[in-house]
Amino acid sequence: MNFQIVSGRTGRVRHIDLAQPRTLALCSGAALLVLAAIFVTGLVLGRFLLGSQAEQRAFARAIAQQQADLQAARGQLDGKVDAIAARVGTLNAQLIRLDALGRRLTDLAGLDRGEFDFDKAPPAGGPEAQESAGGSAQVPELAAVLDTLALQVEDRQQQLVALESLLATRQLDQRIMPGGLPLIGGWISSHFGHRSDPFTGRGAFHSGVDFAGPANAKVIAVGPGEVSFSGFKSGYGNVVEITHPTGYVTRYGHNSRNLVRAGQTVQKNTPIAVIGSTGRSTGRHVHFEVLRDGNALNPKKFLASP
């Protein structure tokens, strides 16, 4: 069998005789090479297809596992959100009770509710913030509730600290402010102000309040302080003077004897003397004075304090 191949460029004709062994061998080799190339290509393509399917199956398994993990995490998050929401409810109930306590303390202390207001939420403001994208719808809402609750707790804490400080100061002032009667079992026998002098009968100013009482009645301090004088003074006889932390000075005169010495610290209701009639006196009593910066004050408002 002969083949003729004509060149399109030169027009030259070539003859191929398949009967010749050399030509037949070349054609056979070429055919084998083509078949081998097809086989190898098919083998590679098959492996590639098989490998892609395996990878797809592995990828599908990974996605399924991630979905399962995400579902589990979402379940845990929902559980935590529910627990936090329950805790917020408890804290809110406690805050309500705290507000009620604050209002009661404010009323008991006689304070202005405008200064200590436990009925309104604390003032807040600021620029509008952008909402964060994604996430559960419950999380931003819960975060806002927590922020509001935190502001309320901080506001109530500040008010209660201020209220505690004010009440403590008031209580301290009440403890150190002179107040009460200077004699156990006594009664007022002469008031503060202008009166007739018991010795001359002429008008005179009485700088204190006189308390009469039974023999051996104890004269007591009307407030805490330091004994600044204990001894004898003209007109007062045996007298005790106490300087109080508030700057007031109380004076107790005409004692039969003093029970304290200068420099001694005394508390309210501490016995400091025994009633008597020493000095310029017409009978057994204690002359009680209250002084501030050397000026005699009317002891009436101090005697009214329990």
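The values are calculated or read from the model by the stated rules, or taken from the named source; none is laboratory data. These numbers come from a predicted model, not from an experiment. Glycine gets a Cβ as well: all are built from the backbone with ideal geometry, and neighbour counts include every protein chain shown. Side chains are part of the model used for accessible areas, which takes the heavy atoms of the whole protein and leaves out ligands, DNA and RNA. Shrake-Rupley method; radii C 1.70, N 1.55, O 1.52, S 1.80 Å.
Tabulated data
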quantity: Separation of the ARG261 and LEU32 label points, Cα + 7 Å toward Cβ, nm; calculated: 13.7
quantity: Label-point separation in nm, GLN67 to LEU146, each point 7 Å along Cα→Cβ; calculated: 3.1
quantity: Length added when fully stretched, THR282-TRP187, from 0.36 nm per residue minus Cα-Cα; calculated: 32.6 nm
quantity: Radius, Kirkwood style, for the range 245-306 when every pair of distinct Cα atoms is counted (Å); calculated: 13.0
quantity: Per-residue SASA entry for THR90, accessible area with 1.4 Å probe, Å² rounded to 10; calculated: 60
quantity: Order of exposure, largest accessible area first, which applies to HIS285, HIS191 with probe 1.4 Å; calculated: HIS191, HIS285
quantity: Residues ASP293 and VAL153, FRET efficiency given R0 of 45 Å [Cβ-Cβ distance, rounded to 0.05]; calculated: 0.45
quantity: Heavy atoms of ASP69 accessible to a 1.4 Å probe, total area in Å² rounded to 10; calculated: 90
quantity: Filtered chymotrypsin sites (Phe, Trp or Tyr not before Pro), the range 199-228: DSSP coil and at most 16 other beta carbons within 10 Å; calculated: PHE199
